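Below is one structure, written out as structure tokens; the observations come after it.
All of the numbers you see were taken from the coordinates with simple rules; none came from a lab. In this text the structure is predicted, and so the values were computed from the model without any measurement. Ideal geometry is used to build each Cβ from the backbone, glycine not excepted, and the neighbour counts take in all protein chains shown.
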Amino acid sequence: MTQPPITLTRRVRDPQADGLGVIGPRTILEAAFRTRTPVTIEGTSPYAGERVYLGATRRDHWGLTRKGMDYSLGSAPRYPGTEIAVYLIDWTRMEEAPRLAADHERTVNRILDQYLRAEVAADEEERRHLSQ
């Protein structure tokens, strides 16, 4: 293999990345982000063969911005001359990755449910404390 595969990684730095990104050859990921074309997940992942779009849209004080690369890892020792990068996934365009989208939705819903239960418990505790 002349280039490393494009796979998923949980090693993302962006706090809004939902804990998952795409890792692979920087030039390929950069081109896909720039042209807004999907990349195919390779390897042994249960999502292999699914295609994801790259880039996350964020609202900041300038308006809406689109961020692609999360960070670069530099050269890959096993693949001389190939730089590796981690790119963010565009979770709004998952039509070509139905299994990944379904698993992501279940995870997000589970986390939201945990937060809501914690909020309800905190509210109940505060009411008990105030009524004493």
For this session: With a ≥ b ≥ c taken as the square roots of the eigenvalues of the C-alpha gyration tensor of segment 1-104, please select rounded if a/c is under 1.5 and otherwise prolate if a/b is larger than b/c or oblate if it is not?
Result: oblate
Exercise. So which trypsin sites (Lys or Arg not before Pro) in segment 57-127 pass both tests, a DSSP loop state and at most 16 other Cβ atoms within 10 Å of the Cβ?
Worked result: 78, 93
Exercise. Mind listing which trypsin sites (Lys or Arg not before Pro) in segment 26-55 are in a DSSP loop and have 16 or fewer other Cβ atoms within 10 Å?
Worked result: 36
Exercise. What angle do you read, to the nearest 10 degrees and between 0 and 90, between the alpha-carbon axis of helix 26-35 and the longest principal axis of the chain?
Worked result: 70 degrees
Exercise. With labels modelled as points extended 7 Å from the Cα through the Cβ direction, what inter-label distance (nm, one decimal) is found for residue 73 paired with residue 107?
Worked result: 1.7 nm
Problem set entry | Mean Cα-pair separation over length for the chain, i.e. relative contact order, pairs under 8 Å, 6 or more apart, % | 23 percent
For this session: Go through segment 1-102 and name the chymotrypsin sites (Phe, Trp or Tyr not before Pro) that are in a DSSP coil and have 11 or fewer other Cβ atoms within 10 Å of their Cβ.
Result: 62
